[in-house]
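First comes the structure, then the notes that go with it.
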Amino acid sequence: MREFCDKRGRERVVIGACSPEVPENPLRGDLEEAGINGYLVEQVDIREQCAWVHSSIGPATAKATALIRGAIDRSLRQEPLEDLSFDIAGAALIIGCSEPGIQAAMKISEAGFRVYLIDEEGSGRSPTERTPADPDSGILAGHENVEILLNCHIEAIDGIFGRRHVKVHTAQGPREFEVGTILVVTPREASAKDSFDHSSSDNPSLITVAEFERLLMGLEKGMQPLRPSDGAPLRRIGFVQRVDDDKEAGRAAPEQSAFIALAITQALRLKRLRPDMEIDFYVHEAEGLLRTSKALSDSAARSGIKFNSVAAPPDITSEDGSTLVRARHLGHDESTDVESDLVVAVGDRRASGMASRALELLHAGTGESRTGGDFAGGQAADLNRGIFVIRTSDSKEAAARADNETEPAASAMVRIMRQQTVRVPRHVAHVQEYRCRGCGKCADICEHDAIKLVEKEKGEQVAQIDELRCEGCGLCRVACCNGAMALLGYTTTQLLAQMLGMIEEVGG
């Protein structure tokens, strides 16, 4: 650990240790007790990146020195900040009266918190069938803190993390209540295969973005990527945009842009690890979608990743053990087939019914379950704070997975509410007003209603951030054509200083 001061006499600390995700919070807390602002502390990973991957001391030491030099240069450009603080309401909302929802409601109730368990008519199994509760009492037998609201329709979910205001309409009339955490139990399992034709329904080489992330993490740890169908090495991968049937043709939804940007980032990581890998993107309405992630797509194209603008979402077919992407490119009358070892479906198919409505209001997808793993170190999840999703279906595998996820999800919700006040890092968007033109693109793309245009001098408008609503996702930064949006702690100046510091150290 190295401690030093900047020109203003502010103490800064750079730590060379292991991965910052593990010990960062307690270290930062200890340093703050000593009077050092936690945002002036940088930690770099010299264990996994240097000590564990180099067989000789010389190269490992040189790499560690460069990483620390970069951290020092970045730290000198960091500004002291304060964490965001959220007051947590002591009540939970559970959407879905299937077995996982009931189990979670009972656990949260036993911890002493109020639970609103809601569902729509004919969805799942009524809790009154599972227990000897009075069907008209609205209370789960043996759990007076659990109020059951059936035949519901969700009208609105407003507010911020920790205090979300819920409006529902029941057979008895409208109800409103405030909750600190939310669990959504989806009535069916989201799958990449459901959006394509039947011939690909059993194709193991068709996976989701989340499944590809797990494969990519294994590759980054030194594992070999293998084709799921037969274990052969991967040589060509296709990323195929998945479009929901209910989307208007020609209308690029903000969430589609976000998923495309995520997939491009994954493809770039793969290309750096395996430059020989052939990577194809098939994007419908490509011009509009790629405009919001132009810097990423341009970088990907320079790396050899091929982008195909197609007239309609491609078909995925299986023939003689091979997976084919059948696409009709813009300006062409005939479709072409490209054989791929692996196809990644890019997009998010939402659940149906009440779960779909809730997830839409909460801006949370069903691509992956969000259970206790999203809550660690005393901090809320980095995205959709306080929201947890469990997928379930009639399949034995999905039901068993949902049962295993119920306990950690309920436990995480209880931990959040017991804290009463939660502090989270202030890694939120920031407006550089001298660059802002007041065009409103950032406000239009923000899914969390965290950006508004306000009037400044001479009638000019600039964007303004509601930091309590901001999730730090970076979509506004991608959408801004004038470079006015930044993320606190991750500005271009700070990151560039870090990179240049490393390059200078190694003599680049």
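The values are calculated or read from the model by the stated rules, or taken from the named source; none is laboratory data. Bear in mind that the values here come from a model prediction, so they are computed numbers and not experimental data. Cβ sites come from the backbone with ideal geometry, for glycine too, and all protein chains shown count toward neighbours.
Structure values in brief
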| read-out | value |
| --- | --- |
| Of all residues making up the stretch 292-321, the number that are of a type in the set (Lys, Arg) and at pLDDT 80 or above | 2 |
| Enumeration of residues in the stretch 477-494 that are part of a helix (DSSP H, G or I) and more than 9 Å from Asp73 (Cα to Cα) | Arg477, Val478, Ala479, Thr492, Thr493 |
| Elements of type strands (runs of 3 or more DSSP E) in the stretch 353-457, at least 1 residues being surrounded by fewer than 20 Cβ atoms within 10 Å (Cβ to Cβ), at pLDDT 85 or above and not small (Gly, Ala, Ser) | 421-424, 429-431, 451-455 |
| Number of the condition not met by Leu289 [criteria: (1) out of contact with any helix residue (DSSP H, G or I) (no Cβ under 9 Å at 6 or more places or on another chain); (2) modelled with pLDDT under 85; (3) within 26 Å of Glu339 (Cβ to Cβ)] | (1) |
| Residues within the stretch 64-80 that are out of contact with any strand residue (DSSP E or B) (no Cβ under 6 Å at 6 or more places or on another chain) and of a type in the set (S, T, N, Q), tallied | 2 |
| Subset of the stretch 32-66 that is over 31 Å from the mean Cα position of the chain (by Cα) and not in a helix (DSSP H, G or I) - its residue that is nearest to Cys18 (Cα to Cα) | His54 |
| Matching residues, the stretch 161-171, being crowded, with 20+ Cβ neighbours inside 10 Å and under 24 Å from Cys470 (Cβ atoms) | Phe161, Gly162, Arg164, Val166 |
| In the stretch 436-459, the residues that are among the basic types (Lys, Arg) and under 10 Å from Cys480 (Cα atoms) | Arg437, Lys441 |
| Residues that are hydrophobic (A, V, I, L, M, F, W, C) and part of a loop (DSSP other than H, G, I, E, B), drawn from the stretch 458-469 | Leu468 |
| Candidate set from the stretch 12-31 (those that are at pLDDT below 85 and of a type in the set (D, E, K, R)); member that is nearest to the chain's Cα centre (by Cα) | Glu21 |
| Enumerated strands (runs of 3 or more DSSP E) restricted to the stretch 67-124, each holding at least 3 residues that are in contact with a helix residue (DSSP H, G or I) (Cβ under 8 Å, 6 or more places away or on another chain) | 91-95, 114-118 |
| Scan of the stretch 328-344 for residues that are closer than 18 Å to Phe307 by Cβ and under 29 Å from the mean Cα position of the chain (by Cα), ordered by number | Ser340, Leu342, Val343, Val344 |
| Output for the stretch 219-264, where each listed residue is over 19 Å from the mean Cα position of the chain (by Cα), at pLDDT 75 or above and of a type in the set (S, T, N, Q) | Gln224 |
| The stretch 33-62: number of residues that are in contact (Cβ under 8 Å) with a residue 40 or more places away in the chain and over 18 Å from Asp83 (Cα atoms) | 1 |
